[in-house]
Structure formats: C-alpha cells, structure tokens
Amino acid sequence: MKGITIKILVDNRTSTPLKSEHGLSMLIETPEASILCDMGASDAFLQNAEQMGIDLNKIDFAFISHGHSDHTGGLVHLLNNFPDKKIYTSPLIFNEYYFSGRRGYWRAMSTEHSLLQEYQENFIMIEGAGNSHPDGAPHNSNAPQEEGRLSGRWVTPSIAIVANSCNRWSRPYGNIYLTKQPATGGLTYLTADPGHLLPDDFRHELSIAATTEKGLVIISSCSHCGALNIMESCMAFTGEKSVSAFVGGLHFIDSPQVETEVETFATELYKAFGHNGNSYGSETSTTIPRIITGHCTCDRAKEVLAKKIPSIEFFGTGSEIKF
C-alpha cells in the first residue's frame, strides 16, 4: 500500500493556533480507509479538525488504542456528533478502571463505561486470536511467539489492529505509576480501592500496523507495552519481516530514569534491526525504522533521543506525516 498520511489533530504540544492538551488524536488516511485514532481528552480534536479543514464525517471508522482518558475523553463527543461511526477497541477498556499514582494520589483515568450501554452497536471488540489474513493466505514470521497467543484483526486488506504478544524488550519506566481494578462489585471509575488495585499489564493496549512496499508502518499511541515489543508483535501478526516507520508516543515521562531508559531504548533499537532493516539481524545497524514521536515523550527524553537517534522526528498538534 502507498500513500499513507497521518494528521495530528491533538497532541501535548503545538506551534500553531490549534488547541493542545495532554492527549492524542490522529487521523490516518490511506487508500483503503480513513481512520480516526483516539480522540484526546476533550472535544479539542473536533475543533482542531474543523480548523484544519478536515471533515470527520468522512472517516470509515474510529480506533481506540487503550483505555486511558487522555485518549478516550473525546469519545463522547465523537459519538454525539457522529453516532453512526464504528469504533474498534479492546473489550477490557469497559471491564477495568484505570488510575495513575504519579502525583501522590490515585487519579482516575478511565474511559466512560456508560458509553458502551448507550452506543453498544458502535463498538467492535478486538479479542481472541484472529491472526489470519482476509485473503486466507498463511503468514509466517521469525518473531518470537512463545510469550503469548497472537491477537488482533485485519480491518482492511493491508491494515491490522494488533495486540502485544512480546516481552522481549524493555517497557517504559513510567508504567510503575499505573494501576487497574476490575469494574465489578460496586467499584467505581472515580475511586481506587487499594484492596483491588493491580499493576496495569496493558492488555488493553492495541496498535495499528499497515503493510507497505517498504515494510510496516506502525501507529502506537502510547507504547506502554514497549515500542520494540509492539514492533515485534506487529511483525509476528502480519508476517511482515521489516518495519519502515513507527509513529506514536514512547511513554518516556519526566523522571530520574528518563536518560537511562532512553539510552536503553536506543541500544535495543540498533540491536534489533540489522543492516537490511530486518529484526534479529546483526548487533550493528545502518538501517533502523523511521521513528516519529510525541505526546507522552517528555522534553528531556526528546533531547536524549535526538542525540542517540539522529534521524528521529517529533510531531505536535497540526503536524502532517506522509509515507
């Protein structure tokens, strides 16, 4: 597939008159489908889309990457304005409540669960194996598959929504602040119950993988499962052997560990991709995927990334990325 364009409707940062917020929303335009990926924390994505001359009524479907409210806070505004749109997501975002303890207290950050009852017919849940291509052709992969069952769904002939199935590489340090609890037994999305809180395992996180002549283009909004794990999972699910580009947040938050984890990521990235761009290649690399990041990648992380990975690119509200 050729001709992919990603337009950033909302990001944490902007150099334009467009609104920014702690959230992310992207419009992914391809020859096969136009996809709204996440809706930020509010209706800012709608306002920015209008300012950018984008008619969201023309999207084919929407996609929610994971259950955190900085990606789903605008969901109610999408459904209120476009009640006919289908939305792909994980069922877990309506089965769990999510909290962050980074500020010294448990801050609620869940998707509004009542939307599932009100708009049940809109949601298409990604669960189970589903690792066959729509044309029925088998796909083989050299990626490690022993860590878990491949899970996801092809939504067009060249675009798949993929769950992480790899734990080979490091995950972001900032995950230590994030927890979940079941949405049962009288528990609410506003109140964290220490007796029920568990570390978030991010099984609710999904990514988009688009096959192109140059390799996969992967869109991963926050990469809580670790960007390299997500790349491996997308290769395993699709059967593709190379990654052309990776777009999304890396979840490198402002912390005492940020320089160390960025250096680890850079080391692992060069280790994973050999001279021809294929994973599991040589220890040294002359070809790595095009990395384009923003949102949950803090300013200090960007400074270190620019030194360690000179080809890295950064996006903000209003950015347009072409492949």
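The values are calculated or read from the model by the stated rules, or taken from the named source; none is laboratory data. Computed from a predicted model, the values in this text were never measured in an experiment. Cβ sites come from the backbone with ideal geometry, for glycine too, and all protein chains shown count toward neighbours.
Of all residues in the range 188-226, those satisfying the criterion of being in contact with a Leu (Cβ under 9 Å, 6 or more places away or on another chain) and either assigned to a strand (DSSP E or B) or surrounded by fewer than 21 Cβ atoms within 10 Å (Cβ to Cβ) (or both) are Asp193, His196, Pro199, Arg203, Ala209, Ala210. Looking at (1) assigned to a loop (DSSP other than H, G, I, E, B); (2) on the phi < 0 side of the Ramachandran plot; (3) surrounded by 16 or more Cβ atoms within 10 Å (Cβ to Cβ), which is the only condition Pro31 fails? Unmet condition: (3). For the residues Ser20, Ser114, Ser100, Ser65, the requirement of being surrounded by fewer than 22 Cβ atoms within 10 Å (Cβ to Cβ) and either among the β-branched types (Val, Ile, Thr) or within 27 Å of Lys322 (Cα to Cα) (or both) singles out Ser20. For the range 286-311, the set of residues classified as over 15 Å from Val217 (Cα atoms) and of a type in the set (A, V, I, L, M, F, W, C) consists of Cys296, Cys298, Ala301, Val304, Leu305, Ala306, Ile309, listed by residue number. In the range 36-97, counting only helices (runs of 4 or more DSSP H) that sit wholly within it, the ones holding 1 or more residues that are touching a residue at least 60 places away in the same chain (Cβ under 8 Å) span 44-51, 69-72. Picking from residues in the range 240-260 that are closer than 17 Å to Gly294 by Cβ and not small (Gly, Ala, Ser), the one that is surrounded by the fewest Cβ atoms within 10 Å (Cβ to Cβ) is Asp254.
From the list Asn80, Asn57, Asn48, the one residue that fits, being surrounded by fewer than 17 Cβ atoms within 10 Å (Cβ to Cβ), closer than 24 Å to Thr16 by Cβ and at pLDDT 95 or above, is Asn57. Once the range 1-18 is narrowed to residues that are farther than 23 Å from Ser244 by Cα and among the hydroxyl-bearing types (Ser, Thr, Tyr), the residue that is modelled with the lowest pLDDT is Ser15. Just one of the listed residues (Leu18, Leu56, Leu46) is under 24 Å from Ile218 (Cβ atoms) and touching a helix residue (DSSP H, G or I) at 6+ places or on another chain (Cβ under 8 Å), and it is Leu56.
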